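**Q** Dropping the structure in here first, questions after.
Derivation of every value follows stated rules applied to the coordinates shown; laboratory data play no part. Computed from a prediction, not measured in an experiment: that's the story for all the values here. Glycine also receives a Cβ, built like all others from the backbone with ideal geometry; neighbour counts cover every protein chain displayed.
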Amino acid sequence: MKIGKANASIISDLRTKVDSQVQQAKNLSEAAGALTREVYNQFSDSAVLARLFVTVPFDELPPTNKQFVQNLAKSAAADKALKNTTPVLSLLGTAGRDADWNSPSKSKGHLGIPLISSAFVGAIPMISRLLKELGVPLDWIDSHDSEIIKKSVGTSAGLFFVDDASQATDNEGRKIIAAQDFVAQYNVKSVFGIGEAYANGQMAVNVVFCCDNFARSSAEQFLSLMSSFKNTSASLVASAKLFG
């Protein structure tokens, strides 16, 4: 099915299917896998890749993830600014056309993105735009104050939307989707992301890369799906059951 065909009834059925699996999940990674897998399978005529990221403090990451994040920060000469409390946008669930896209552990470049500072995030056009469109203020990126997230994102789901992945640019003229080789190889036309915040200030974002174009209103249909996912998986976050 194409995402442009999504309506309230279809999303409601998908929500029921995802919630049932999330309720059985032993950790948030399992729950994230269920969400991304069902979104990809349901809308495989459009979706190239579906992913679920959650902000996790650096010191709560598994060793492999920590090493990945340290290497990424070091490559940007920002490793000395990396702290135990630094929120890391961590890949917990993924599903897509490439076999390596169906397990977070196989991610070559997006296992974890440390939100070290506004300057560091500002150098990553997609993440910068995503956070801005979800209503995350720049002062949070520097202060990492969870109360800011609760107030700005916690009240309702937010939407990030790119209608032309090959041409859309930011205010500095940079491509928002920087991986243009990926865009060209998989004919990615549009991208959207839905963000929500848990009660403790951790943020979850479901990002979907698509091979067709559709109206922003079609992407908005997924707001309720993400809200339901947050509510159903909240107990896993509250008990810190994040990784397998």
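**Q** Given the options 122, 96, 109, which has the most mean-square fluctuation in a GNM of the chain, springs set between C-alpha atoms less than 10 angstrom apart?
**A** In this elastic network of the chain, the residue with the biggest mean-square fluctuation among 122, 96, 109 is 109.
**Q** Something else now. Taking amide hydrogens as modeled 1.01 Å from N in the peptide plane, which residues meet the under 5 Å criterion relative to residue 93, leaving out close sequence neighbours?
**A** 52
**Q** Considering only 204, 92, 109, whose Cα is most displaced toward the positive end of the charge dipole of segment 47-216, charges sitting on Cβ of Lys, Arg (+1) and Asp, Glu (-1)?
**A** Of the listed residues, the answer is 109.
**Q** Are there trypsin sites (Lys or Arg not before Pro) in segment 1-93 that DSSP marks as loop and that have at most 10 other Cβ atoms within 10 Å, and which are they?
**A** Here the trypsin sites (Lys or Arg not before Pro) that fit, given the DSSP loop and packing criteria, are 26.
**Q** Any idea what the dipole of segment 1-108 comes to, in debye rounded to 20, about its Cα centre with Lys/Arg Cβ at +1 and Asp/Glu Cβ at -1?
**A** It works out to roughly 200 debye.
**Q** How large is the charge dipole for segment 78-122, taken about the Cα centre, if only the Cβ atoms of Lys, Arg (+1) and Asp, Glu (-1) carry charge, to the nearest 20 debye?
**A** On the way: 5 positive and 3 negative charges, 14 e Å.
Dipole of segment 78-122, to the nearest 20 debye: 60 debye.
**Q** Okay, next question. Which order results if 217, 117, 233 are arranged by neighbouring Cβ count within 10 Å, fewest first?
**A** With the sparsest Cβ surroundings first, the list reads 217, 117, 233.
**Q** Dipole of the chain, Cα-centred, from +1 at each Lys and Arg C-beta and -1 at each Asp and Glu C-beta, to the nearest 20 debye?
**A** That gives a dipole near 300 debye.
**Q** Please list, in chain and number order, the residues 5+ apart from residue 169 or on another chain whose amide H is under 5 Å from its amide H, with Hs placed from the backbone.
**A** Placed amide hydrogens put 176 under 5 Å from residue 169.
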